[in-house]
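Each remark here refers to the structure printed beneath this line.
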Amino acid sequence: VPVLSAQNIGKSYGSGTNRFNALKGVSLEIRAGESVAIVGKSGSGKSTLMHLLALLDDPDTGTLLVEGTDARTLKGTEVNRLRNQDFGFVFQQFFLTANATVLDNVVLPLKIAGVPPRERKARGMAALEQLELADKAKNKAITLSGGQKQRAVIARALVNNPKVIFADEPTGNLDTATGAVVEDILFALNKDKGITLIIVTHDIELAARCDRQIFIRDGREDTTESGAPRKRHA
Ligand code: ADP
Ligand code: ADP
């Protein structure tokens, strides 16, 4: 059974004359352990698709199956559990709480899951050690460099041992060298821990590192872009 299966899912925003059809029916399957890039130009609908796959938003049309179960049949508590425990999130904008400590940011998913304080701290520190950020645990998130912030975000994404990591332009705010480190960390988690990796990006070289690429154009899958993605400069 695929981890995620989308059948003709669509999404529009706004209403009336402002209604905009951002996703016009996309079907795909994501299998456990694979790395998949969702690729396309800015505004093509990549983030919308990712939000639907991650249960952050509901499709207007079509069906989303999570490990074979129709997402519409899931209770709210189950959706929250999936989002908080089975899924980890890495966004370009980090979404760290600037004036909270790095450790408090990292243990937030554990707090939401009801893990007691002592265990939260132990697991949070273990995640920070894995990302080589243990020495920053007590520092406020705002004091970190861009690369350190994204490593803290990855620690937060990992703290619940997720099955799937969703990464939306994970290197978008980082310089090339720092971005390469963050990329390597994400692919190591995929290869070594078998965490399914879904990366939204317009970076064709990052996409090429994934097992598979799904090209989105104007809200639809673009199957003419099949095969290996082209390099920026051939
Ligand atoms: P991408 O991630 O490929 O840049 P998005 O999925 O973010 O594309 O957006 C697809 C289209 O939907 C864009 O034209 C965008 O402006 C529009 N859009 C996205 N989110 C909203 C929203 N909340 N309200 C209205 N329009 C939106
Ligand atoms: P750099 O990669 O140059 O160190 P930063 O990572 O500091 O850049 O910042 C990238 C962007 O994210 C900036 O627009 C910044 O204002 C914003 N940002 C950084 N940290 C936070 C935070 N903790 N909360 C909210 N926004 C932040």
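The values are calculated or read from the model by the stated rules, or taken from the named source; none is laboratory data. Note that the structure is predicted; figures quoted are calculated from it, not measured. As a convention, Cβ positions derive from the backbone with ideal geometry for all residues, glycine included, and neighbour counts pool all protein chains shown. Just the protein is used for accessible areas: all its heavy atoms, side chains included, with ligands, DNA and RNA removed. Shrake-Rupley method; radii C 1.70, N 1.55, O 1.52, S 1.80 Å.
Structure notes:
- Extension gain for the segment D58 to A177, taken as residue separation times 0.36 nm less the Cα-Cα distance, is 39.2 nm to one decimal.
- Residues of region 33-52 with amide N under 16 Å of a point placed 7 Å along Cα→Cβ from Y13: 41-52
- Pairs from K11/K140; K75/K140; K46/K193; K46/K136 whose Cα-Cα separation, in the structure shown, is over 31 Å: K11/K140; K75/K140; K46/K136
- Amide H within-cut-off set for A22, under 5 Å, with H built and near neighbours excluded: K11, S12, Y13
- Förster radius 35 Å - calculated FRET efficiency between N139 and K75, Cβ distance, rounded to 0.05: 0.35
- Across region 82-153, the fraction of Cα-Cα pairs farther apart than 14 Å, rounded to a whole number, is 56%.
- Those aspartates and glutamates that a straight Cα-Cα span of less than 16 Å connects to K24, excepting residues fewer than 8 apart in one chain: D57, D58, D60, D218, E221, D222
- Based on protein heavy atoms only, the chain ends up with 50 Å² per residue of surface accessible to a 1.4 Å probe.
- Scanning the chain for long hydrophobic helices, with DSSP H runs required to stretch 30 angstrom or more by C-alpha along their axis and to average at least 1.0 on the Kyte-Doolittle scale, returns nothing.
- Helix-only CD estimate at 222 nm, as mean residue ellipticity for the chain, using -39500 (n - 2.57) per DSSP H run (n ≥ 4): -9000 deg cm²/dmol
- When region 147-218 is reduced to its Cα atoms, the Kirkwood hydrodynamic radius in Å: 12.7
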